[in-house]
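The values are calculated or read from the model by the stated rules, or taken from the named source; none is laboratory data. Just so you know, these numbers come straight off a predicted model, no measurement behind them. Here the Cβ positions follow ideal geometry from the backbone for every residue, glycine too, while neighbour counts run over all protein chains shown. Areas reflect the complete protein model, heavy atoms only, side chains present, ligands, DNA and RNA absent. Shrake-Rupley method; radii C 1.70, N 1.55, O 1.52, S 1.80 Å.
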Amino acid sequence: EKMSSKVFQSLHSMVTHGSNGDTNGAKVATMVAAMRALESVLVGSPVENFEESDVVSICDLVDSTTTAILNDVPTNTDGSNGTNGSSDSGVLEAASPAATLEEWKNACSTTLGYLIGYGLHVSAMKAQSDETVLSSDRVHAFIHNNILPKILQACSVAKRNGRRQRLDRITMALACSCNNDAAKAIVSALLSDLEKSIRDAAGIDGIKTKELARSISFMLQRGGNCACDEFHQSPLPMKILELMIVEASPNSASTDQGELFDNVDTLALPAPPEEQRRNQGVVQACAFVAKCMIPAYSRSVLPETLQLVAGKISNVLPPLSARDGLTLSTMLPILAAALNAATDLGSTANVQQNESKEHDSTELQKLLLSMSKDLVEFSLDETSDQQAKNAASSCVHSILKNISKSEPCPVMKIYDDVVRPLLIEISASLGLATVESSVAKLGKLLRLMGLLASAAALRGGNSSPSADAMAKFLVDMACKGKATIVVSASSKEPLQTFDCSAVDDCMELMLEASSSFGTILSLRSMSPFTKQRLSHVAMKCIVSSASSGMDLASVSDPSSTPADQRHALIAATCHIVCCSSIDKMSDATVHNMSKIVMHGLFLDYGDAAGMSRSNARKLRLLSLAAATKVITMAPKHMPANVIIVRGVLRVYATCHDKDEVAAKVLSFQALELIGKNSMGKSGDDDVRQAVVSLLGTALNHPSAVLRQAAVDVRNAWYLDQ
């Protein structure tokens, strides 16, 4: 029965002193192995198998191991660890060689995490048959009262420079993953400390607050389901979120601390610039703390919590004060994370089940649907926080795609209430002096239409016609610069045409429409049939526009089509090629797409083309990716090999920026495919010499990925297979 005691004593001796005859490196290896073996012995051995002196040694071991991992982590707010740079731990001194110190500390951290986790296992203490030496009264009290506060204190300070890992947080995360008792003790303590820190003088944007928030985020990400379960069971997260909003919005009239105001005066006149900067800092600090809580809501969420968060957001929509804006900046990312993890808002299968309460999902659906219009309008507001607007857009997308299919199409209602009136308003203002602001609004509106159409496509059912209509509008805008404004099937209003072809920024708007269409097709969760249907709808417009304005027989002539009619049309075609299964399409369709894609290799990507640099970079990548896919899957539809190589070399030559490595790698991948298919080996000497020169310059590039791609091209072109 005392075998566990003897094994522990032997392993403890090895951990402290190593084995006789070990060299320095072997000594540390022995200590690491002994430390990991101690974990197994202590976790599974009953308390009656140990002597009283062993229990004292176990407490000393836990204490010295804690000192070992915290030796370079400050435990005081002034950056010191309270030890004057020295340690009484023989363990740390025995492992002092710098080359092996990292390995030793990692072993200490892993073992200590499990020892703390099982030492805090309260339920094992109640069930005497399961009681181990770690869950005994003395060891449990020592870990809970001495060790846990020490490591939690370390979690609340910033790491020292040069330290890559936070062993204190790794230890706590491993402890959380052991059982719910340990997770409850650790997560509750961190949340309680975070609440106190927000109330302290350091406030929301203090260093301690940020470090505690980071520690909580680490527990939620690395502590397993136990940490997230205990986080949701605690009332502290919602109290902390509410507390931040209250602390940032004072009830008094004090204005010298940079807090956010919440009265009618702030609605009439904007705050001074200095005050706006201070307020923005407060908003960012609140958003940071909320962001650190998102991992818990991304996994699961209690239905009553989801209802509570949605209700708080609904109460401040639309925002009428700075305090309302702060509430949205804090709560919207959390709601977006919870809704993104949901699969069906028509049932509660996507959320945690609370056995004591039944959740009425119908009420939740009604609440979320009632918020959708306000969320869309908030996402279009120019003065609100950008991160909050992004979260609002994400919420709208999740709500619309997950609403029960038995409901009428919610997408078309949002479109009729918000998007269509704005399109008509912008169409009337394009010829006026406000054209510049109208163009900016139109860009946002096109992105919103892409979001609505993607939600409709994912929802399917009675939303499919809405997805097709909006996709067709976006493709018409990309190909022609004008399109018929979508109306619902039951509408009796006359059809209207939206035309921006006479606007100076027409090309940018057409490219924006093409990008929005690509957003729809790029969704991974979309069914292949839906992609095929949308691609078929788009190709009708693309082929019609290309036939009337683009010479498909003269691919290598870059002047065959006016620039403002080519770029966005080619981009839309490339999106279809990259996101759809072209092997399921007819030969005629693939042939037309291949010709259009080849035109993308001969576009003018310079400043004179009228495109912004970001759009030129995106279109380059799209053209190369689409050309590479067609070369791989449908080579018979490509033009002469020499033309392909010239087009690829031409695109490569336009990549001047160092950050365009991706486009250069895609160029080499296309050349490699040509070489492997024996296309390029019979080309003319001028083309082969250009490829040789290109490879020579690429082999001196600082990017290892690009150099490797150049070697692959050389092997494919010039080495016999």
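Sort out which residues of the stretch 471-516 are among the small types (Gly, Ala, Ser), within 34 Å of the chain's Cα centre (by Cα) and closer than 22 Å to LEU603 by Cα, and write them in order of number.
Scanning the stretch 471-516 gives ALA478, GLY481, ALA513, SER514, SER515, SER516.
Give me the residue from the stretch 520-558 that is of a type in the set (Val, Ile, Thr), out of contact with any Leu (no Cβ under 8 Å at 6 or more places or on another chain) and within 17 Å of MET477 (Cα to Cα) and, out of that set, modelled with the highest pLDDT.
By that ranking, first place goes to VAL537.
Before we move on, is MET526 in a loop (DSSP other than H, G, I, E, B) and either within 27 Å of LEU339 (Cα to Cα) or in contact with a helix residue (DSSP H, G or I) (Cβ under 9 Å, 6 or more places away or on another chain) (or both)?
yes
Has the stretch 404-414 got at least one residue that is of a type in the set (S, T, N, Q) and assigned to a helix (DSSP H, G or I)?
For the stretch 404-414, residues of a type in the set (S, T, N, Q) and assigned to a helix (DSSP H, G or I): absent.
Take GLN353 and tell me if it is at pLDDT below 90, in a helix (DSSP H, G or I) and not small (Gly, Ala, Ser).
No: the conditions fail for GLN353.
Looking at ILE520, ILE485, which one is open to solvent by less than 10 Å² (accessible area, probe 1.4 Å), touching a Ser or Thr at 6+ places or on another chain (Cβ under 6 Å) and farther than 16 Å from ASN615 by Cβ?
ILE520
Quick check on the stretch 235-262: of everything there that is of a type in the set (Gly, Ala, Ser) and surrounded by 12 or more Cβ atoms within 10 Å (Cβ to Cβ), which residue is modelled with the highest pLDDT?
ALA248
Considering the stretch 492-517 alone, what residues qualify as being without any contact (Cβ under 8 Å) to a residue 60 or more places away in the chain, open to solvent by 60 Å² or more (accessible area, probe 1.4 Å) and of a type in the set (A, V, I, L, M)?
Once the filter is applied, which keeps residues that are without any contact (Cβ under 8 Å) to a residue 60 or more places away in the chain, open to solvent by 60 Å² or more (accessible area, probe 1.4 Å) and of a type in the set (A, V, I, L, M), the stretch 492-517 yields only LEU495.
For the stretch 366-380, check the following and say yes or no: at least one residue is β-branched (Val, Ile, Thr), crowded, with 16+ Cβ neighbours inside 10 Å and modelled with pLDDT of 80 or more.
yes
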